Amino acid sequence: MIKHIFADMDGTLLDTRGYLSDTNRWSICLSDIPVTLASARSPFEMSPILNTLQLKTPQIAFNGNLIFTQNDFGIQVIEKHILATETVSEILAYISSNFPSVSLSWYSLAHWYIKKQDKAVFVQKALTGAEPRIKDFDGNSEIYKIMLMTFDPEELLHIQSSLDALNIPEIQLTRSTVHTLEVTSNKRTKADAAQTILKEKNLNFEEAAAIGDGHNDIPLLKVAGLSIAVDNAHTEVKRYVKMIVGKNTDHGVTEALSAIREINEQVIL
C-alpha cells in the first residue's frame with residue numbers, strides 16, 4: 001500500500017510556465033493519500049501552490065534542507081539546515097569576481113536577494129511570482145540556498161566544476177533545471193527530509209511514492225517504494241524509476257495519482 005506521496009513542483013506538478021493545471025489541482029485536492037511537495041523552491045515561493053492545494057501536511061523546501069508546515073498564520077519550521085555565513089560570503093564573492101555575467105541569488109526563510117536585475121531574474125519572477133530584493137549580503141540573515149542561473153549550459157558546467165574544485169566543506173551542488181545550479185547545505189537531500197516525515201508517521205519508504213523530473217529528485221526516487229517520472233524528465237532520472245507517466249504539460253501527476261490509486265485497490269483486493 002502507498003500511504004504517502006512526495007511530488008516535485010517545477011517540471012513535474014507545474015507546467016513550463018509554473019502554472020498548476022485544474023486537472024492536477026483537483027487530483028491532489030481529492031487524493032485520499034497525504035501529499036508532500038518536495039521542492040528546490042523556498043517556502044514563500046511554494047506558498048501560493050500550497051494554499052491552492054490546501055495542503056496541511058509537512059512540506060519540503062530547499063532540496064530537503066527545510067521541512068515545514070503552512071497554516072493561516074504562516075509557516076512552522078520542523079527541521080532546518082542553513083549555509084554557514086562564511087560559506088555564503090565566499091561563494092558570492094567568488095562568483096561575482098569570476099563569473100560576473102551569471103545571475104546570482106540567495107534565499108533566506110522569507111526573502112529572495114539578488115545582486116542586480118537581469119533576464120534570469122525576470123524568468124524566475126514569472127515562474128514563481130516572487131519579488132526579489134536588491135541587497136548586498138551582510139551576514140545578518142540565515143541563508144538556505146544560493147542559486148546561479150545562466151542560459152549557457154557549458155558555462156553552468158564550468159561553474160559547477162570550479163566550485164567543486166574549491167572543496168568548500170558542507171555544501172552540495174544540485175541541478176534542478178538545465179539553467180540553474182543551486183548551493184545548499186549537504187546535511188539533507190529530498191530523500192533525507194522524506195525519511196523524517198515518514199518516520200514521524202511510522203511509515204517506511206516502501207509505503208511511499210515519489211514523482212519527479214530532475215537530478216535533485218534522484219535521491220528520493222532511488223529509495224521510494226514506487227518511483228515515478230514524468231515523461232519530460234531527464235534521461236538519467238528515468239533510469240531510477242519504475243513508472244513513467246505523461247509530461248508535466250499533460251497532467252502527468254494526475255496520471256501518477258490515478259496509477260497509485262489503482263495499485264492500492266489491487267492490494268486491498
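Structure notes:
- Restricting Ile228, Ile197, Ile211, Ile168 to residues that are part of a loop (DSSP other than H, G, I, E, B) and crowded, with 17+ Cβ neighbours inside 10 Å narrows the list to Ile168.
- Members of region 182-222 that are of a type in the set (Asp, Glu) and either in contact with a Lys or Arg (Cβ under 6 Å, 6 or more places away or on another chain) or farther than 30 Å from Ile95 by Cα (or both): Glu182, Glu200, Glu206, Glu207
- Given (1) surrounded by fewer than 17 Cβ atoms within 10 Å (Cβ to Cβ); (2) without any contact (Cβ under 8 Å) to a residue 40 or more places away in the chain, number of the condition Thr23 does not satisfy: (2)
- Test set (1) touching a helix residue (DSSP H, G or I) at 6+ places or on another chain (Cβ under 7 Å); (2) over 25 Å from Tyr19 (Cβ atoms); (3) surrounded by fewer than 22 Cβ atoms within 10 Å (Cβ to Cβ); (4) polar (S, T, N, Q) - Thr184 fails condition number: (3)
- Region 135-165, subset over 19 Å from Leu109 (Cβ atoms) and hydrophobic (A, V, I, L, M, F, W, C), residue surrounded by the most Cβ atoms within 10 Å (Cβ to Cβ): Leu148
- Sole exception among (1) in a loop (DSSP other than H, G, I, E, B); (2) touching a Gly at 6+ places or on another chain (Cβ under 9 Å); (3) not hydrophobic (A, V, I, L, M, F, W, C) for Glu206, by number: (1)
- Of Glu45, Glu90, all but one fail to be open to solvent by less than 40 Å² (accessible area, probe 1.4 Å), of a type in the set (D, E, K, R) and assigned to a helix (DSSP H, G or I); the exception is Glu45.
- Subset of region 100-134 that is assigned to a helix (DSSP H, G or I) and basic (Lys, Arg) - its residue that is most open to solvent (accessible area, probe 1.4 Å): Lys119
- Of everything listed in (1) more than 29 Å from Ile263 (Cα to Cα); (2) modelled with pLDDT of 95 or more, the single unmet condition for Arg17 is (2).
- Boolean, Arg17 is basic (Lys, Arg) and more than 27 Å from Ser185 (Cβ to Cβ): yes
- Residue count, region 187-212 (criterion: in contact with a helix residue (DSSP H, G or I) (Cβ under 6 Å, 6 or more places away or on another chain) and of a type in the set (Val, Ile, Thr)): 2
- Filtered residues of region 58-87 (kept if open to solvent by 30 Å² or more (accessible area, probe 1.4 Å), in contact (Cβ under 8 Å) with a residue 24 or more places away in the chain and over 21 Å from Pro48 (Cβ atoms)): Glu79, Lys80, His81, Ile82, Ala84, Thr85
- The set of residues from region 26-39 being part of a loop (DSSP other than H, G, I, E, B) and open to solvent by less than 10 Å² (accessible area, probe 1.4 Å) comprises just one member, Ser39.
- Pairs with Cβ under 7 Å, 6+ apart, first in region 96-109 and modelled with pLDDT of 95 or more and among the polar types (S, T, N, Q), second surrounded by 17 or more Cβ atoms within 10 Å (Cβ to Cβ) and in a helix (DSSP H, G or I): Ser103/Ala120; Ser103/Val121
The values are calculated or read from the model by the stated rules, or taken from the named source; none is laboratory data. Quick caveat, the model's predicted, so the values are computed rather than measured. We place every Cβ from the backbone using ideal geometry, glycine too, and count neighbours over all the protein chains shown. Side chains included, ligands, DNA and RNA excluded: accessible areas come from the protein's heavy atoms. Shrake-Rupley method; radii C 1.70, N 1.55, O 1.52, S 1.80 Å.
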